[in-house]
Amino acid sequence: MNQFYCSKCEKTFSDGNKDYCKDCNNNLIILDPEFLNCPVCGCKNLYVKKNFNQLLGCFIIFIGAVLVPLTYGISLLVLALFDYLLFRRVEDCLQCYKCKLEFRGANFTGRFDPFDHHIAELYEK
Ligand SMILES: [Zn+2]
Ligand SMILES: [Zn+2]
């Protein structure tokens, strides 16, 4: 099934209007799940990242640490598990090195590597 991507909202739609973004009326781009190059700028370097809120993760660990004296350390265990489940639930998100667009919610069949700052440097200019 084809998906449609709005480069303004950085969102992927698989239903609804296929020509214009329902949020901002921008033209949508057709996302073929087999894409290997950036569908927006054609750059062949994309990377996968966990769309995970780092701050939230730290906060959870902090709460766990604070509760240690009250729960004899059980809180750390529980929250570590919670943290793990939260992290597991987060889907991979593709991002383009060149145009920096995120392809949130996009299904893809290609294999992409995690962020590599050596590659990123090539696009820093
Ligand atoms: Zn939009
Ligand atoms: Zn791009």
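Taken together, the values in this text are just the output of simple stated rules run on the coordinates, not laboratory data. Predicted model only: the values in this text are computed from it and were never measured. Note that we place each Cβ from the backbone using ideal geometry, even for glycine, and neighbour counts take in every protein chain shown.
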For the chain, the longest stretch holding no GluC sites (Glu not before Pro) located in a DSSP loop with at most 13 other Cβ atoms within 10 Å is which? 35-90
Within the under-14-Å Cβ sphere about Lys22, not counting Lys22, Lys/Arg +1 and Asp/Glu -1 give a net charge of 0
Give me the number: length gained by fully extending Lys98 to Asp113, i.e. 0.36 nm times residue separation minus the C-alpha to C-alpha distance, one decimal in nm. 3.9 nm
Distance check, please: which entries in Lys44/Lys98; Lys11/Lys50; Lys98/Lys125; Lys22/Lys50; Lys44/Lys100 exceed 19 angstrom between their Cα atoms? Lys22/Lys50
Report, in degrees rounded to the nearest 10, the 0 to 90 angle that the Cα long axis of helix 54-66 makes with the longest principal axis of the chain. 10
Summing +1 for each Lys or Arg and -1 for each Asp or Glu, what net charge is found among the other residues whose Cβ lies under 13 Å from the Cβ of Gly110? -2
Sequence gap at least 6, Cα distance under 8 Å: using those rules, report the relative contact order of region 35-122 to the nearest whole percent. 40
Tell me the trypsin sites (Lys or Arg not before Pro) within region 39-98 that lie in a loop according to DSSP and have at most 14 other beta-carbon atoms within 10 Å. Lys44
Assuming 0.36 nm per residue, please report the length gained on full extension of the stretch Cys58 to Asp32 beyond their Cα-Cα distance. 5.8 nm
For region 2-84, averaging the sequence separation of alpha carbon pairs under 8 Å that lie six or more residues apart and dividing by its residue count, the contact order in percent is 18
Residue-averaged [θ]222 nm for the chain, counting only DSSP H segments that reach four residues, each worth -39500 (n - 2.57): -9000 deg cm²/dmol
